[in-house]
1. Considering only the other residues whose Cβ falls under 13 Å of the Cβ of K288, what net charge follows from Lys and Arg at +1 and Asp and Glu at -1?
2. Under the definition of Cα pairs under 8 Å and six or more residues apart, what whole-number percent is the relative contact order of the chain?
3. With point charges of +1 on the Cβ of Lys and Arg and -1 on the Cβ of Asp and Glu, referenced to the Cα centre of the chain, which listed residue (V373, V145, I61) lies farthest in the positive direction of the dipole?
4. Give me the accessible area per residue for the range 189-399, probe 1.4 Å, as a whole number in Å².
5. Is there a quick way to get the dipole size of the range 4-84? I mean about its Cα centre, with the Cβ of Lys and Arg at +1 and of Asp and Glu at -1; what is the value in debye to the nearest 20?
6. Along the principal axes of its C-alpha atoms, what lengths does the range 280-397 span, in descending order and rounded to whole Å?
7. What is the angle, in °, between the Cα long axis of helix 131-142 and the longest principal axis of the Cα atoms in the chain? Nearest 10 is fine, range 0 to 90.
8. For the chain, what does the equivalent ellipsoid look like in terms of its semi-axes, each the square root of 5 times an eigenvalue of the Cα gyration tensor, given largest first in whole Å?
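The values are calculated or read from the model by the stated rules, or taken from the named source; none is laboratory data. As the structure is a computational prediction, the values presented were derived from the model and not from experiment. We place every Cβ from the backbone using ideal geometry, glycine too, and count neighbours over all the protein chains shown. Heavy atoms of the whole protein, side chains included, go into the accessibility calculation; ligands, DNA and RNA do not. Shrake-Rupley method; radii C 1.70, N 1.55, O 1.52, S 1.80 Å.
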Amino acid sequence: MLKGKSIILGITGGIAAYKGAALCSKLVQAGAVVHVIMTESATKFITPLTLQTLSRNPVYIDTFDERDPAVVSHIHLADHADLIVIAPATANAIAKLAGGHADDMLSTTLLAATCPILIAPAMNVHMYEHPAVVNNLELLASRGVMFVEPGTGQLACGYVAKGRLAEPEDIVMAIDSWFGKGGKLKGKQVLVTAGGTMERLDPVRYLTNDSSGKMGFAIAEAARLMGADVTLVAGRTSLAPPAGVKVIRVSSAQQMLEAVTSVYDDMDIVVKSAAVADYRAVNVSDQKIKKSGEKLVLELERTTDILETLGQRKKHQFLVGFAAETEQIEHYAMDKLRRKHCDLIVANDVSKDGAGFNGDTNIVQVFASEGLVESMPLLSKREVASRLLELIAARLPSLGGRGE
Ligand code: PMT
């Protein structure tokens, strides 16, 4: 998808600037024509010569360093770009773009550009969560700027938290998928559920599960990258939501049911990747339950099956469920597909290494009423999300697909 595409790669001044070199190299290898613009601060972390060598093009830093008298560089670059990617994007670069500043080559080019912009932020977790940064990201998202969310892991500042630049391969995948499917879900309302639910036993204890929300958040991000309006109903998760996505926070299965059903009628696509509790306590104690005796028996009752409820009320919605299984994957997945009236079921064998709960990868098989439609090997959850949405888009009746 990248062959011949003209991409401006903006590199700003964070430690992750060094990853800009790998990103540049991968884009060039994929056939893109890459023009690198660095901020002054970025040059403190990586040399322009590295980027010039990898991109095989001159690197721009100073707005007034006009090398070709026939053109005004920032206008010329902006006019000829198919996409601008800023990776890493610092809090300062994000603030400047949100505020419309034009005081260096990158910010000036960004203001002159009419092509889409994709931002891969990278910074300390507290900076990333600062209300000013959150507001700027929201503002940019409302203007149609796309994002590749930072990953969670060891940060250069010593924290282990969210803020690491997404891996160059993931950024390339997002760029590639935007060129391939950009706007494919434009105007579509997509509802994604993510994370685990929490069922209270008393004020300090609850029943939950291992879901981190990563799978659902990746689906929300991928849907947004494909142009959809995304509502994310998030249960228990420590992840910061992707920018540009409407988030409804819930705790219990009952709250998730209420949140999901309140918006269901307006949705075109619903993907239920949350791990919802099947049982909750019959009586939730107002006070902390005291130790007494050697055994404690909890009485539990069934929660409402949200997916099944949606299946029964389905009108035009394309409904996708997940199935977390440990045995007889196809049998149980097909049973859930039929019982819950889903268009697709994404089955993950959660007993396999690299699949299911908590990690950054998954291994899934996607089933429709006719049986297995795609078997995905070990892939990042981002890649699974992207391929799944591609499958959904291809089957959406309003886009010419056949539906269930
Ligand atoms: O969040 P991660 O750490 O990234 O992990 C991802 C995941 C393993 C949670 C995800 O890939 C996954 O499998 N999600 C579904 C987990 C699950 O609850 O599976 P299930 O087989 O028990 O339920 C089947 C479907 O019914 C699911 O779509 C579930 O959301 C839905 N359900 C279940 C019970 C209930 N009361 N209401 C529901 O809607």
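1. Summing Lys and Arg as +1 and Asp and Glu as -1 gives +2.
2. Once divided by the residue count of the chain, the mean separation gives 11 percent.
3. V373
4. 46
5. With only Lys, Arg, Asp and Glu charged at Cβ, the dipole is about 440 debye.
6. Largest first, the range 280-397 extends 57, 36, 25 Å along its Cα principal axes.
7. The two axes meet at around 80 degrees.
8. Values for the chain, descending: 42, 24, 18 Å.
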